[in-house]
2 protein chains.
Amino acid sequence: MADKPSHITGSLITIGDEILLGDILNGNARHIAAELRARGFLLDRIITVGDIEDDIVENLGRCLSGSRFVIVTGGLGPTDDDRTCAAVSRAMERPLIRNRDYAQWLRDRLGERGLNWSSELERMAALPQGAVKLGMDSAGFSLVHEDIPCYFLPGVPEEVALLLGKEVIPDLEARFPNRCAYLKHIIRIQGLLEAQINERLRSLAPVAGVAIGYYPQGGENWVSIFVAARNERECLDLIKSAKDEVVALIGTRHVSGHNDDCLEKVVGRLLRERSWKLVLAESCTGGLLARKITGIPGASDYLDRGLVTYSNRAKSELLGVSEDLLSAHGAVSGQVARAMARGAAKNAGAEVAVAITGIAGPGGGSAEKPVGTVFIACVTPTGEKVEKYCFGTGTREQIQENSAQAALAMLWKLLAENGPLVCD
Amino acid sequence: MADKPSHITGSLITIGDEILLGDILNGNARHIAAELRARGFLLDRIITVGDIEDDIVENLGRCLSGSRFVIVTGGLGPTDDDRTCAAVSRAMERPLIRNRDYAQWLRDRLGERGLNWSSELERMAALPQGAVKLGMDSAGFSLVHEDIPCYFLPGVPEEVALLLGKEVIPDLEARFPNRCAYLKHIIRIQGLLEAQINERLRSLAPVAGVAIGYYPQGGENWVSIFVAARNERECLDLIKSAKDEVVALIGTRHVSGHNDDCLEKVVGRLLRERSWKLVLAESCTGGLLARKITGIPGASDYLDRGLVTYSNRAKSELLGVSEDLLSAHGAVSGQVARAMARGAAKNAGAEVAVAITGIAGPGGGSAEKPVGTVFIACVTPTGEKVEKYCFGTGTREQIQENSAQAALAMLWKLLAENGPLVCD
């Protein structure tokens, strides 16, 4: 009988001054962590240090005690600043040895460009004893030290992604066949506050291997289900039961989708099913809603046009909003939002229209209509809705983002109420 | 005479399973690193571990040897999963002691909501001996251990940002008055390849305390100048000389801006100076260009309207593109791009128009016009330009992003050639 599968946890060291200086987010760490987990491997620490040999040596030494595998990114280039090979050599007491195949490969590439061999390239071709190249066309290599597989990758995200998928993960899978599986499932909730979700999920009984959490995410609330089990099949079963239970407690009418079913994708599906055309009229969001809708492949099936009507003249000419209405209520009003949506639908001959008008700030607010005041109107063949929102506490970007998200939620609700929402 | 200022380097420990699982980017780490550097403090390591007491104890112990300060985020909540206080107690041999003021504050807040005291809150109010609360309305605290100031912050980004700015950095500044200053400057380059920049900057002589690098960033190339000096004044002087030298070598006509002067901001400034109105006609970018332009406060001064003409009908109705032209050349063609720009300018009565039409994919490509084929047209009172781009290697999102960025660069070039560009 096979042994019970175990958690295979490893360490990641990312070398890069630009992370320590706050210039960039550690995108490599996120990518590596997510890809590993999807294939049944966990990280129990991520360490970022600069290109300082002593720091790399110390952290490599620590990771070698207690990790089942070690991945290192960065510090493999040809310059004096690149210290990873020298650090590996010291930490593992493995002399640097010229890799003849790699040296030849580098030499050939130089030859093709008519360039000469340099001491920097000589340095690059010297790898720690026992190193095996990970493909020739990058500086990556691997070696097994005291039974721990260690992978050394360049720092460039594209090369990291390529080598991880083609070399590192397949090698790990071959070395650790008997491991746990992990799976994550996201349920996207609309129209409930975190406290309400908490209330509804209170009666969930704990299940071994299942962790359920919830958190706000870009205007929605997400319930996440994370499961660990002996294999993918068991993971899927655990996810299914937990998901069904959560959806029943939350109520299907608050669930807009699962995993990467963002609102713009779900709304697009609903429009396509009904063969309805959509038209957008945006003022304060300035094209953000159109940008979200058109981010989905095939959006041309249902989006006819989007109008960013920044000036009053554009609102009149393109949407037929009368100057009387604009001067009576102001461009930022429920009346104008409604007229924008109606005019947009009519002029385009579209069944569905969404209009947004508001004050994104930082200027333009008043006592009556402070920055963050936004009106959204939706028109569909079965109904019409106008709502006022106050997004007063955010930056211009946040107000625009919240407005576009609220418009998608309104449109989703109107479309979903109008027929069964396909949610598997 | 004052001592020579020194580099003050510290450690950051971020506690969070969601980072180890690859669910989120470590935004706290980036924010903390960037804010610290701006005030003269550096990080020499960032360590991420999960909510595991032993791991936190071990890493705290390590950071306490060799760091001038330590910052920890996460693990301060009321649940059993939150292990930071217990770990601090063990790592520093400081018993957990009930903080009476904090307990009272928590009790008062509960009372306001009509809730009862719980064992979880009792646990939250117990802090390591010597701890000083960082404000009452968060779980953060600080303590000085063996002369090393240590700051323990919650994991919520908003609370981290608040406590860092109001409590941590002012305290660090008071403790380490004699420290180096750091400054970074970005020069944004248009129309040159990395290899060309490398060629032009080859003659730069090295200067102590000045590090110059260059890297591609969202369709532009950036030259970054990072300086370290005794004070801000010296930093500014070093930046100024380096900047002048770099701009002279690169050529002013390739420099579109500095630091956060993105193209949409510079283009807006140029339009406002000339009192010209802008109108946008987008097909494959679906509003992304409008979204970028309207992301800048005050864009309503020059943006009249944006038209997302996804359907051919919209191209005809809104831009006057004739059906003959569409059927003769296809919607994705230089002829249609030009007609879209001309029609947009004419219909809106605007001086300047930009039009984009292309195939963002993943579907819709052909042998003649593969995915990534994009035509961009710009019309200004002084000229007109149509260009074809091939962004074939990216995802839909990357092709849209590259197209919008290329349109901004084209517009900038046309506007900037037409008069002196103000670059300080």
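The values are calculated or read from the model by the stated rules, or taken from the named source; none is laboratory data. On a predicted model such as this, the values are computed, not experimentally measured, just so you know. Backbone-built Cβ (ideal geometry, glycine too); neighbour counts: all protein chains shown.
Within segment B:37-64, the set of residues being among the small types (Gly, Ala, Ser) and within 21 Å of the chain's Cα centre (by Cα) comprises B:ALA38, B:GLY40. Tell me, please, whether a residue that is more than 14 Å from every other protein chain (Cβ to nearest Cβ), buried (at least 21 other Cβ atoms within 10 Å of the Cβ) and at pLDDT 95 or above can be found in segment A:382-397. Checking segment A:382-397: not a single residue is more than 14 Å from every other protein chain (Cβ to nearest Cβ), buried (at least 21 other Cβ atoms within 10 Å of the Cβ) and at pLDDT 95 or above.
Would you confirm whether any residue within segment A:43-51 is within 8 Å of chain B (Cβ to nearest Cβ), in contact with a Leu (Cβ under 6 Å, 6 or more places away or on another chain), under 21 Å from A:VAL168 (Cα atoms) and among the basic types (Lys, Arg)? No, the conditions are met nowhere in segment A:43-51. Among residues of segment B:380-392 that are over 17 Å from B:LEU408 (Cβ atoms), those with a beta-carbon under 8 Å from a residue that is of a type in the set (Asp, Glu) at least six positions away or on a different chain give the pairs B:PRO381/B:GLU351. Inside segment B:88-125, can you point out the residues that are more than 17 Å from B:VAL72 (Cβ to Cβ) and within 38 Å of the chain's Cα centre (by Cα)? Once the filter is applied, which keeps residues that are more than 17 Å from B:VAL72 (Cβ to Cβ) and within 38 Å of the chain's Cα centre (by Cα), segment B:88-125 yields B:TYR102, B:TRP105, B:LEU106, B:ARG109, B:GLU120, B:LEU121, B:ARG123, B:ALA125.
Which one of these is farther than 18 Å from A:ASP17 by Cβ and either surrounded by fewer than 20 Cβ atoms within 10 Å (Cβ to Cβ) or among the hydroxyl-bearing types (Ser, Thr, Tyr) (or both): B:LEU172, B:LEU193?
Going through B:LEU172, B:LEU193 in turn, just one is farther than 18 Å from A:ASP17 by Cβ and either surrounded by fewer than 20 Cβ atoms within 10 Å (Cβ to Cβ) or among the hydroxyl-bearing types (Ser, Thr, Tyr) (or both): B:LEU193.
Here A:LEU60, A:LEU12, A:LEU36 are screened, and the one residue that is closer than 22 Å to B:SER11 by Cα, part of a helix (DSSP H, G or I) and at pLDDT 95 or above is A:LEU60. Within segment B:34-48, residues that are at positive phi reach partners that are not in a loop (DSSP other than H, G, I, E, B) with beta carbons closer than 8 Å, at six or more positions or on different chains, in the pairs B:GLY40/B:GLU173; B:GLY40/B:ARG179; B:GLY40/B:ALA181; B:GLY40/B:TYR182. For A:ARG272, the stated conditions do not hold, so it cannot be described as surrounded by fewer than 19 Cβ atoms within 10 Å (Cβ to Cβ), touching a Pro at 6+ places or on another chain (Cβ under 8 Å) and not small (Gly, Ala, Ser). Just checking, does segment A:136-149 include any residue being within 17 Å of A:GLY75 (Cβ to Cβ), without any contact (Cβ under 8 Å) to a residue 12 or more places away in the chain and not aromatic (Phe, Trp, Tyr)? Looking for residues that are within 17 Å of A:GLY75 (Cβ to Cβ), without any contact (Cβ under 8 Å) to a residue 12 or more places away in the chain and not aromatic (Phe, Trp, Tyr), one finds none in segment A:136-149, hence no. Could you please find all residues in segment A:356-373 being within 14 Å of another protein chain (Cβ to nearest Cβ) and among the hydrophobic types (A, V, I, L, M, F, W, C)? Selection gives A:ILE356, A:ILE359, A:ALA360, A:VAL371. Look at segment B:222-251: where a residue is touching a residue at least 60 places away in the same chain (Cβ under 8 Å) and within 14 Å of chain A (Cβ to nearest Cβ) and a partner is buried (at least 20 other Cβ atoms within 10 Å of the Cβ) and of a type outside the set (A, V, I, L, M, F, W, C), sitting 6+ places away or on another chain with Cβ atoms under 9 Å, you get B:ALA228/B:TYR182.
Going through (1) under 21 Å from B:VAL308 (Cβ atoms); (2) among the small types (Gly, Ala, Ser); (3) surrounded by 18 or more Cβ atoms within 10 Å (Cβ to Cβ) one by one, A:SER333 falls short only on (1). Give the residue that is nearest to the other protein chains (Cβ to nearest Cβ), with candidates limited to residues of segment B:309-349 that are farther than 18 Å from B:THR373 by Cα, touching a Leu at 6+ places or on another chain (Cβ under 8 Å) and aliphatic (A, V, I, L, M). The qualifying residue nearest to the other protein chains (Cβ to nearest Cβ) is B:ALA314. Please indicate, with yes or no, whether at least one residue in segment A:74-93 is within 13 Å of chain B (Cβ to nearest Cβ), among the basic types (Lys, Arg) and in contact with a helix residue (DSSP H, G or I) (Cβ under 9 Å, 6 or more places away or on another chain). No: segment A:74-93 contains no residue that is within 13 Å of chain B (Cβ to nearest Cβ), among the basic types (Lys, Arg) and in contact with a helix residue (DSSP H, G or I) (Cβ under 9 Å, 6 or more places away or on another chain). For A:ALA360, the conditions (1) over 17 Å from A:GLU282 (Cα atoms); (2) among the aliphatic types (A, V, I, L, M); (3) outside any helix (DSSP H, G or I) all hold with the exception of (1).
Matching residues to (1) assigned by TED's automatic domain parsing to the domain that holds B:HIS145; (2) part of a strand (DSSP E or B); (3) in contact with a helix residue (DSSP H, G or I) (Cβ under 6 Å, 6 or more places away or on another chain):
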{"site": "B:LYS4", "(1), (2), (3)": "no, no, no"}
{"site": "B:GLU18", "(1), (2), (3)": "yes, no, no"}
{"site": "B:ARG30", "(1), (2), (3)": "yes, no, no"}
{"site": "B:ARG45", "(1), (2), (3)": "yes, yes, no"}
{"site": "B:THR48", "(1), (2), (3)": "yes, yes, yes"}
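For segment B:363-392, a residue qualifies if it is of a type in the set (Lys, Arg) and assigned to a loop (DSSP other than H, G, I, E, B), and exactly one does: B:LYS369. Restricting A:ASP260, A:ASP244 to residues that are assigned to a helix (DSSP H, G or I) and surrounded by fewer than 18 Cβ atoms within 10 Å (Cβ to Cβ) narrows the list to A:ASP244. Within the set B:GLU417, B:GLU368, B:GLU317, B:GLU401, the sole residue that is more than 25 Å from A:LYS277 (Cβ to Cβ) and surrounded by 15 or more Cβ atoms within 10 Å (Cβ to Cβ) turns out to be B:GLU401. Based on what the data block shows, is A:LEU408 farther than 18 Å from A:GLY286 by Cα and either out of contact with any strand residue (DSSP E or B) (no Cβ under 9 Å at 6 or more places or on another chain) or assigned to a helix (DSSP H, G or I) (or both)? Answer is no for this residue. Taken together, A:GLY165, A:GLY218, A:GLY209, A:GLY135 contain a single residue that is of a type in the set (Gly, Ala, Ser), modelled with pLDDT under 90 and over 19 Å from A:THR84 (Cβ atoms), which is A:GLY218. Scanning segment B:153-169 for residues that are free of Cβ contacts under 8 Å to residues at least 40 places away in the same chain and under 15 Å from B:GLY74 (Cα atoms), we see that the one that is surrounded by the fewest Cβ atoms within 10 Å (Cβ to Cβ) is B:GLU158. Counting the residues of segment A:331-350 that are out of contact with any helix residue (DSSP H, G or I) (no Cβ under 7 Å at 6 or more places or on another chain) and part of a loop (DSSP other than H, G, I, E, B) gives 4.
The residue that is farthest from the other protein chains (Cβ to nearest Cβ), counting only those in segment B:1-36 that are more than 21 Å from the chain's Cα centre (by Cα) and surrounded by fewer than 17 Cβ atoms within 10 Å (Cβ to Cβ), is B:MET1. Note on segment B:283-303: among residues that are more than 7 Å from chain A (Cβ to nearest Cβ), in a helix (DSSP H, G or I) and not aliphatic (A, V, I, L, M), the one that is farthest from B:VAL374 (Cα to Cα) is B:ASP301.
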